[in-house]
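Have a look at the structure below before the remarks.
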Amino acid sequence: MTIGIDKISFHVPDYYLDMTDLAHARETDPAKFHIGLGQDQMALIPKTQDIITLGASAAAKILTADDKKMIDMVIVGTESSTDFSKSAAVTIHKLLDIQPFARSFEIKHACYGGTAALQQARDYVAAHPDRKVLVIAADIAKYGLHSGGEPTQGCGAVAMLVTKNPHLLAFNNDSVFYSEDVYDFWRPAGHDYPLVDGHLSNQIYIDSFTRIWEQNKKINQTTSSDYAALTFHLPYTKMGRKALRAIFPEMSETEQQRLETRYDEAIIYSRQVGNLYTGSLYLGLASLLDNSKLAAGERIGLFSYGSGAVSEFFSMTLMEDYQQYLSIEENQLLLSKRKRLSITEYEEMFAEKLPTDGKTYTFSDPTKFAINKISDNIRYYNK
Ligand code: HMG
């Protein structure tokens with residue numbers, strides 16, 4: 001039986017910061033951000049939006065009334081949860097009117113959570129072929145103003161519907177995993193922002209990729225020529241490129257160029273969004289599908305990395321006529337219609353937080369699913 005991603009969509013808020021503006025404000029050469037990190041813009045989120053609004057907005061674009069009757073599980077992969085106990089998934093389940101006899105829960109391991117959710121969805125559909133699973137990877141990457149990680153922030157959500165006989169991509173059941181207990185990036189309870197050893201994190205990312213790539217070649221008996229494209233978790237777009245180049249010595253120059261061209265197509269959206277942690281790999285996948293000319297039957301490799309560190313490499317095969325099921329114009333419009341904020345506006349938005357004193361406050365953000373009230377520390381959303 002073929003199981004895979006039937007539909008994919010993403011959502012980012014209506015605001016962004018231009019990386020040249022950030023560079024000027026931080027007295028840095030803009031080329032460091034645009035070329036050194038490979039980032040042009042960074043998505044910004046107001047306090048009236050969170051991973052629930054991002055996730056619900058992404059999923060609402062792809063779900064039909066029939067899908068909502070067939071979904072048995074809503075899994076949210078995130079490391080930006082709004083609650084230590086209640087999951088974002090159960091609120092999204094309500095906002096989207098998914099049939100009530102469903103499981104809804106959150107799943108976590110840094111940026112790897114979305115992949116854990118996706119693989120769990122695959123296993124569920126394998127056991128229940130007529131049912132569907134909604135997977136959401138949603139995060140808000142915030143390191144702090146003036147911090148080393150500041151130019152690698154971002155936010156957004158990717159939603160994927162996992163079904164049998166998918167329209168877009170089929171799993172090949174060839175996952176290879178790797179775990180290493182390391183402190184490259186972590187966020188202990190009580191910390192608003194992660195603690196990060198940036199340069200160590202870059203090194204662990206590359207080492208994890210090269211190890212898992214070797215293991216993949218051994219177990220699945222493949223070489224780079226078996227993949228039409230290799231996609232990567234994208235904390236900033238230079239990161240995946242460095243990992244890709246780490247395996248260049250085993251390829252011909254033509255092969256290197258082919259994979260680097262596909263890589264450039266896969267980072268078009270992330271250059272404009274920044275890091276969305278769990279969703280980053282899948283925003284890269286969406287960018288590749290929208291911007292590459294690939295053929296049905298071709299295989300795409302996906303490298304998922306979550307600091308701490310867990311990684312997975314697996315592949316998916318493109319389905320017949322997959323192009324008909326993409327929303328290229330809608331995706332491009334979502335990014336192009338956003339408002340560019342000044343540095344002052346960005347810093348003000350960054351500092352704003354929802355009150356936590358339990359009193360009642362109302363808000364007037366007209367955005368679909370935005371928070372319109374908080375009372376007794378319960379968030380209420382536009383529907
Ligand atoms: P930094 O010290 O600001 O930057 O840290 P740098 O000095 O390393 O420079 C960055 C690059 O810009 C270098 O390129 C420079 O040469 C280049 P590289 O040598 O690496 O190829 N550069 C320039 N290029 C052109 N013109 C110039 C110029 N100046 C310098 N004028 C760092 C950068 C990414 C470490 C920092 O921003 C950070 O700590 N970010 C957060 C951590 C991170 O994103 N790590 C990535 C791997 S871990 C991961 O992916 C997991 C994660 O998503 C979390 C999770 O799993 O939940 C983060």
Seminar exercise, completed: In order over the range 324-330: 3J(HN,Hα) from phi, Karplus 6.51/-1.76/1.60, θ = phi - 60°, whole Hz, x for each Gly or Pro, gives 5, 9, 9, 10, 4, 5, 4
For this session: Report the full-extension gain for the segment Thr28 to Thr356: residue separation times 0.36 nm, less the Cα-Cα distance, to one decimal in nm.
Result: 114.5 nm
Problem set entry | Under DSSP loop assignment and at most 12 Cβ neighbours within 10 Å, longest chymotrypsin sites (Phe, Trp or Tyr not before Pro)-free interval of the chain | 102-383
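Hey, can you find the accessible area per residue of the chain for me, probe 1.4 Å, expressed in square angstrom?
Solvent-accessible surface per residue comes out at 42 Å².
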Problem set entry | GluC sites (Glu not before Pro) within the range 290-383: DSSP coil, no more than 12 neighbouring Cβ in 10 Å | Glu320, Glu352
Problem set entry | Whole-percent carbon and sulfur share, accessible surface of the range 138-243, 1.4 Å | 49 percent
Exercise. If you take the square roots of the eigenvalues of the alpha-carbon gyration tensor of the chain and sort them as a ≥ b ≥ c, do you get rounded (a/c under 1.5), prolate (a/b over b/c) or oblate?
Worked result: oblate
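Taking 0.36 nm per residue of separation and subtracting the Cα-Cα distance, what length does fully extending Lys217 through Tyr380 add? Numbers along the way, then the final one.
Working: separation 163, 0.36 × 163 = 58.68 nm, distance 4.88 nm.
My answer for the length gained is 53.8 nm.
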Exercise. In the neighborhood of Ser311, defined by Cβ-to-Cβ distances under 9 Å, what is the net charge if each Lys or Arg adds +1 and each Asp or Glu adds -1?
Worked result: -1
Exercise. Under a Cβ-Cβ cut-off of 14 Å, what is the net charge of the residues other than Ser225 that fall near it, where Lys and Arg count +1 and Asp and Glu count -1?
Worked result: -1
For this session: Express as a percent, rounded to the nearest 5, the fraction of DSSP beta bridges in the range 171-322 (both residues included) that run antiparallel.
Result: 80 percent
Problem set entry | Long-range HN-HN contacts of Arg103 with modeled amide H, under 5 Å | Met73, Val74
Exercise. Taking 0.36 nm per residue of separation and subtracting the Cα-Cα distance, what length does fully extending Thr210 through Lys337 add?
Worked result: 41.9 nm
For this session: Report ³J(HN,Hα) in whole Hz for each residue of the range 182-188, in order, from the Karplus equation J = 6.51 cos²θ - 1.76 cosθ + 1.60 where θ = phi - 60°; Gly and Pro get x.
Result: 8, 9, 9, 6, 7, 9, x
Exercise. Just going by the charge dipole of the chain, with Lys and Arg at +1 and Asp and Glu at -1 on Cβ, which of Phe232, His11, Ser342 is farthest out on the positive end?
Worked result: His11
Exercise. Accessible area of Arg338, 1.4 Å probe, to the nearest 10 Å²?
Worked result: 10 Å²
Exercise. Does the range 171-322 come out rounded, prolate or oblate, given a ≥ b ≥ c as the square roots of the eigenvalues of its C-alpha gyration tensor, rounded meaning a/c under 1.5 and, failing that, prolate meaning a/b above b/c?
Worked result: prolate
For this session: Looking at the chain, send over the antiparallel percent of its DSSP beta bridges, to the nearest 5.
Result: 70 percent
Problem set entry | the range 164-292, dipole about Cα centre (Lys/Arg Cβ +1, Asp/Glu Cβ -1), debye to the nearest 20 | 180 debye
Problem set entry | Net charge, Glu330 excluded, C-beta distance under 12 Å - Lys, Arg +1, Asp, Glu -1 | 0
Exercise. Residue-wise, which Karplus ³J(HN,Hα) couplings in Hz belong to the range 271-276, taking 6.51 cos²θ - 1.76 cosθ + 1.60, θ = phi - 60°, and x for glycine or proline?
Worked result: 4, 9, 10, x, 7, 10
Exercise. Going by the alpha-carbon gyration tensor, a ≥ b ≥ c the square roots of its eigenvalues, is the range 277-345 rounded (a/c under 1.5) or, if a/c is not under 1.5, prolate (a/b greater than b/c) versus oblate?
Worked result: oblate
Exercise. Relative to the Cα centre, what is the charge dipole magnitude of the chain, using +1 at the beta carbon of each Lys and Arg, -1 at the beta carbon of each Asp and Glu, and rounding to the nearest 20 debye?
Worked result: 720 debye
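Quick one: of Lys108/Lys339; Lys32/Lys218; Lys164/Lys337; Lys86/Lys359; Lys47/Lys242, which pairs are farther than 29 Å apart, Cα to Cα?
Correct reply: Lys108/Lys339; Lys32/Lys218; Lys164/Lys337; Lys47/Lys242.
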Seminar exercise, completed: Non-local residues with an amide H under 5 Å from the amide H of Ala370, with H modelled 1.01 Å from N and Pro and chain starts lacking one, are Asn382
Exercise. What whole number of Å gives the distance from the Cα centroid of the range 117-182 to the Cα centroid of the range 1-65?
Worked result: 15 Å
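The values are calculated or read from the model by the stated rules, or taken from the named source; none is laboratory data. A quick note: this is a predicted structure, and the numbers were derived from the prediction, not measured. Backbone-built Cβ (ideal geometry, glycine too); neighbour counts: all protein chains shown. Ligands, DNA and RNA are excluded from the accessible area calculation, which covers all protein heavy atoms including side chains. Shrake-Rupley method; radii C 1.70, N 1.55, O 1.52, S 1.80 Å.
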